Amino acid sequence: MKPLCFRRARMRGTIVYLLTALFYSALLLLMLSHSGLDLNSDSITYITFGSTDQDKKNEVVFFIILCEGNAQREEASSIARQLRQAAVMVKSAAALTSTTLRYLVVADSKELYYNFSNLTSGWPVEYQRRVSFEWYPVWYPEDREDMRSMFRTCATERLFLPDMFPSVDAAIYVDTDLIFLSPPEDLWAEFQKFDEVQVAAMAPCLYHYGSFRNKVPFYGDTGLNAGVMHMNLTRMKDFPGGGWIAANMKVFDIFKKRIKLADQDILNILFYKYPEYLFELGCEWNYRMYQCSDGNKCPGAARSGISILHGNAMSFVKGNEMKLQTVFEVWEQHELGKPLTILLSELERKLKFVSSQHLPSKCVRTHNIDDMLTRAIKKHIL
């Protein structure tokens, strides 16, 4: 038998070892929590530098949907293009905001989510603190899996968001091909204009729905564009027809053979039937090349400037609309932390270059297009 003093020494050593192991385990968990990784099978939270309780009270909440789908699909579904555009969208929002921006990211893989959330890794700390990201997997009801591939992969996912986020009161869905030219909190303030029944807000389409291409009923005179959509998820649960999802599924079942633009068509049909439940955003909050290709079709943009520029139909990258693509490229090249006056000066110079060099652009026909593209930024920084 070993001496008592030896056994006591070995016991003390074992205790020290266990305490040391517990210490480093706790330290590891602490490091993981500060890295933003929540080891949860249903969602992953990635919060750059975290946020305070006060930040959460004032935060602007966005939905973003990213799906890689089939890699062989056409260029319009290119995930590389989506991520490139998303980087500019998130950058412009962070550059102009004075609050916290919370992105609820619905993506069809964790790898894709990490690629998106890491877009901010090279930002200055001051700007990283302005944004947070959370991952949620794509979800469709079992009997609606056929809707996953309509138009583009996951294009209809937003119709199911109220069921996916039961604890979220309100959020704004945004396409990835947007550039903020006004502070995001000004967009969020549009929620305050809702009446007691309105559940959503979208801007007018101003083209397509009044043409021969469209085969479905639509809201108002020109239909709605779904690239920016305010969603009061709490109110949506009590939407007529059994709630938001049930009402949308009824529309889909009736019109599915005539639907071309997936969720946008479904939403137009829904608010054609229930127009009182929609608040109409000003067209300056969703300005697209079709609104300036044959003279300006958005009076709000002429009065106060464009607040959000929408590069749908690949107008930021295709080379056929250089007025809008120039705005995208100037923001893409802008380094956060440098004064926005530098960005404004570069933007004004390059927009003039498009005109003087006769680069491809139909929006150049709108005589005050440069002013509309820069006025909101001037108002913010000058």
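Readers should treat all values here as calculations from the given coordinates under stated rules, not as data from a laboratory. Keep in mind the model is a prediction, meaning the values are calculated, not measured. Note that each Cβ is placed from the backbone with ideal geometry, even for glycine, and that neighbours are counted across all protein chains shown.
Among the listed pairs Lys260/Lys318; Lys297/Lys352; Lys193/Lys350; Lys91/Lys352; Lys110/Lys257, those whose Cα-Cα separation exceeds 32 Å are Lys193/Lys350; Lys110/Lys257. Among the chymotrypsin sites (Phe, Trp or Tyr not before Pro) within segment 146-232, those in coil by DSSP and having at most 12 neighbouring Cβ atoms inside 10 Å are Phe212.
Summarised in one figure, the compactness ratio Rg/Rh of segment 315-381, Cα atoms and Kirkwood Rh, is 0.96. Rounded to the nearest whole Hz, the Karplus-based 3J(HN,Hα) values (6.51 cos²θ - 1.76 cosθ + 1.60, θ = phi - 60°) of segment 236-244 follow the sequence 4, 5, 9, 4, x, x, x, x, 4, with x at glycine and proline. Normalised by the number of residues in segment 315-381, the average gap of Cα pairs under 8 Å and 6 or more apart makes the relative contact order 37 percent.
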